[in-house]
Amino acid sequence: MNALEKHGYQVGQLTKDIVLSVHEYLPDDHDKTNWGELGISISVIYESGQSDKILEKSGTIEAYDPHKTKLGFRRDDGVYMTIRGDELYSPQSLYPYVGDIERVEITFPSTDE
């Protein structure tokens, strides 16, 4: 049982993998849900729910909400998107479901000074 399940959180495997990767990167004393200032980049490759094309959205991970089991990131154009389970959403959209995620790439900032 991992730390998320220990606290009763049910998350999709993809979201769980992302959260656990970020937790491994975080200093021990860092907030485990607010990550905006860390500069962790994410690229989400997904199958569009509208066109069945494989597309990509990229941005910076901002936060994890364990109660709603979703991970949020902000694209370079300012649009906020969420990952919930293995699906991508654009919460401010009239039709928030964007598509099924094929894979995710995470880039952690260099810790070299």
- Message: How tilted is helix 13-25 with respect to the longest principal axis of the chain? Cα atoms for both, answer in degrees (0 to 90, nearest 10).
- Response: 40 degrees
- Message: Using 0.36 nm times the number of residues separating Lys68 and Tyr80, minus their current alpha carbon distance, what extension gain do you get?
- Response: 2.7 nm
- Query: Local charge sum around Lys53 (other residues, Cβ-Cβ under 13 Å, Lys/Arg +1, Asp/Glu -1)?
  - Reply: -4
- Figure the gain on full extension for Ser48 and Tyr97 (residue separation times 0.36 nm, minus the Cα-Cα span) and round it to one decimal in nm. 16.7 nm
- Projecting the Cα atoms of Thr15, Thr69, Leu38 onto the charge dipole of the range 3-107, where Lys and Arg contribute +1 and Asp and Glu -1 at Cβ, the residue farthest towards the positive end is Thr69
- Task: Using the number of other C-beta atoms within 10 angstrom as an exposure proxy, rank Tyr89, Tyr97 with the fewest first.
- Result: Tyr97, Tyr89
- Note on the structure: Footprinting proxy, Glu47, Glu87, Glu56: sorted fewest to most Cβ within 10 Å, the residues are Glu56, Glu47, Glu87
- Note on the structure: Going fewest to most other Cβ atoms within 10 Å around each Cβ, Tyr95, Tyr25 line up as Tyr95, Tyr25
- Compactness of the range 3-107 - radius of gyration and Dmax, Cα, Å: 13.3, 43
- Message: About the Cα centre, and with charges only on the beta carbon of Lys, Arg (+1) and Asp, Glu (-1), how big is the dipole of the range 3-107? Nearest 20 debye, please.
- Response: 260 debye
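Where a number appears in this text, it was derived from the coordinates with a stated rule and is not lab data. Note that the coordinates shown come from a computational prediction; the quantities given were computed from them, not determined experimentally. Cβ sites come from the backbone with ideal geometry, for glycine too, and all protein chains shown count toward neighbours.
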